[in-house]
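These notes are about the structure you will find just below.
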Amino acid sequence: MRRVEHRLPRPKPSPSSPALTPLQLRLALASRLLRHLGFAGAAWARGGPGLRFHARVVAMCTRLAATAGDPATRVLALETLAFPMEAIRYFEFGTAWAWAADRTGPMRVLDVSSPRLFPLLLARHRPGSRFDLVNPDGRDLEVTARWMQALGLTSCVLHRTSIAETKLEAGSYDLVTSLSVLEHIPEPADLEAVARMWGAVRPGGRMILTLPCARESFEEYLDLDEYGLLEPDANGFVFGQRFYDEALLRRRVLAICGNPRRTALLGERTPGSFVKDRSRKVAGDADLAREPLAAAVEYRRYPSLETLPGIGVLALEFEKPPVRSASARQALESDQLPLLQ
């Protein structure tokens with residue numbers, strides 16, 4: 001597979017912020033809300049993706065910033081208001097939310113390392129459900145635990161482990177979600193991750209994935225370790241992610257899960273815009289409040305991977321066929337159990 005190396009600028013040190021007084025907190029909240037409303041309104045007029053999900057994030061953070069007794073929680077909520085999501089996340093979260101929330105009733109949900117806003121908001125939306133959140137990044141889980149405490153979410157259980165090391169019960173989850181995760185898992189461990197997640201889905205249950213994609217697949221290596229989980233090579237580059245074309249998608253995902261029930265595809269209008277924007281964010285030079293509008297003007301939907309001019313993100317929903325007989329159930333369990341041991 002083609003290898004692409006990118007050097008990223010080093011992040012600028014951020015100055016420490018003084019503690020905010022209650023009045024300063026309210027003024028900062030009002031300013032950021034107005035700024036977000038302006039960009040979100042412009043994005044809405046252009047038909048931007050994910051704005052309903054964005055509204056839920058704003059409502060949640062506004063309430064926490066205004067009512068939370070813990071000052072650290074209020075600051076966390078304000079920081080999220082300032083930068084709730086990157087542009088492509090609007091599409092990912094909005095699409096996955098629409099698919100996950102289209103059924104009613106309590107569920108048992110497994111989320112594998114998705115950005116925390118998605119599973120936590122889904123847990124708030126699904127009272128009576130049980131959520132298992134798997135993530136090997138301990139620092140990230142610490143922040144997730146703070147959010148859970150602030151939101152009063154007792155239905156979520158955190159697992160500081162990779163999906164390969166997680167003990168799962170075969171066919172026991174109504175929904176499995178993993179947003180922009182598989183591409184960061186080196187081969188061949190990514191195949192095991194897909195198999196374990198798919199094996200955990202109960203008959204009649206669903207799995208929702210999002211993956212970066214391109215007309216021609218490639219692997220990206222960065223000279224900055226984003227997650228601290230992989231070893232750099234001799235030149236200081238670390239595996240960052242792979243971009244899937246149709247052939248790679250069929251070999252590494254569809255060969256295990258079958259054809260998806262539905263798909264959606266968003267891609268950059270101008271090739272290279274994603275990489276340039278990411279570099280600005282890493283350097284601290286990006287206007288983060290503009291992200292909802294960026295999702296609307298710098299990206300658009302495409303009918304197929306072959307029509308992408310640059311890179312994009314693909315959302316897929318899989319549904320496991322229901323088991324119709326005892327013999328079929330036994331066959332299904334015998335196929336799944338070795339994957340989950």
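Any read-out appearing in this document is the output of simple, stated calculations on the displayed coordinates, not a laboratory observation. Keep in mind that this is a model prediction, so the values were computed, not measured. So basically every Cβ, Gly included, is an ideal-geometry build from the backbone, and we count neighbours across all protein chains shown.
About the Cα centre of the stretch 32-131, what is the dipole size in debye to 20, counting +1 per Lys and Arg Cβ and -1 per Asp and Glu Cβ, all else neutral? Don't jump to the answer; show the numbers that get you there.
Working: 14 positive and 6 negative charges, 46 e Å.
Magnitude of the dipole: close to 220 debye.
About the Cα centre of the stretch 85-340, how large is the charge dipole given +1 on each Lys and Arg Cβ and -1 on each Asp and Glu Cβ? Please answer in debye to the nearest 20.
On the way: 32 positive and 36 negative charges, 250 e Å.
The dipole of the stretch 85-340 has a size of about 1200 debye.
Can you give the net charge of the other residues whose Cβ lies under 12 Å from the Cβ of ASP287, counting K and R as +1 and D and E as -1? Don't skip to the end; give the middle numbers.
Values: positive: ARG35, ARG280, LYS281, ARG290; negative: ASP277, ASP285, GLU291.
Result for the local shell: +1.
For a test of the definition: using alpha carbon positions, the gyration tensor, and the 1.5 limit on a/c, classify the stretch 85-236 as rounded, prolate or oblate.
Values: a/c = 1.58, a/b = 1.45, b/c = 1.09.
Verdict is prolate for the stretch 85-236.
Tell me which GluC sites (Glu not before Pro) from the stretch 172-277 have a DSSP coil assignment and no more than 16 other beta carbons within 10 Å of their own. Could you put the intermediate results ahead of the total?
Working: sites: GLU183, GLU192, GLU216, GLU219, GLU220, GLU226, GLU246, GLU268; in loops: GLU216, GLU226.
Passing both the DSSP loop test and the Cβ count: GLU216, GLU226.
Compute the signed sum of charges (Lys and Arg +1, Asp and Glu -1) over the other residues within less than 15 Å, Cβ to Cβ, of LEU133. Write down the numbers at each step before the final one.
Details: positive: ARG108, ARG116, ARG124, ARG126, ARG130, ARG139, ARG146, ARG160, LYS167; negative: ASP111, ASP132, ASP137, ASP140, GLU142, GLU165.
My count for the surroundings of LEU133 gives +3.
Would you calculate a helix-derived [θ] at 222 nm for the chain, using -39,500 (n - 2.57) for each DSSP H run of n ≥ 4 and dividing by the full residue count, to the nearest 500?
Working: 11 runs with 139 residues, N = 341.
Roughly -13000 deg cm²/dmol at 222 nm, from the helical runs in the chain.
Which ³J(HN,Hα) values, rounded to whole Hz and listed in residue order, are derived for the stretch 123-137 from phi using the Karplus coefficients 6.51, -1.76 and 1.60 in 6.51 cos²θ - 1.76 cosθ + 1.60 with θ = phi - 60°, glycine and proline given as x?
5, 5, 7, 10, x, x, 8, 10, 10, 10, 10, 9, 7, x, 8
What residue among LEU27, LEU265, LEU158 has the largest mean-square fluctuation in a Gaussian network model of the chain, using Cα springs under 10 Å?
Looking only at LEU27, LEU265, LEU158, the biggest GNM fluctuation is shown by LEU27.
List every residue whose amide H lies under 5 Å from the amide H of ARG130, counting only residues 5 or more places away in sequence or on a different chain, with H placed 1.01 Å from N in the peptide plane.
Correct list: MET107, ARG108, VAL109.
Could you tell me the ratio Rg/Rh of the stretch 85-340? Both radii from Cα atoms, Rh via Kirkwood.
0.95
Roughly what % of DSSP beta bridges within the chain run antiparallel, to the nearest 5? Display every interim value, and only then the final one.
Numbers: 23 of 47 bridges.
Of the beta bridges lying entirely in the chain, close to 50 percent run antiparallel.
Among PRO186, PRO49, PRO303, which one shows the biggest mean-square fluctuation in a GNM of the chain, springs joining Cα atoms closer than 10 Å?
Answer for the Gaussian network model of the chain: PRO303.
What is the stretch 85-340's relative contact order, in percent, from Cα pairs under 8 angstrom and six or more apart in sequence?
Numbers: 450 pairs, mean separation 57.0, N = 256.
The normalised contact order for the stretch 85-340 reaches 22 percent.
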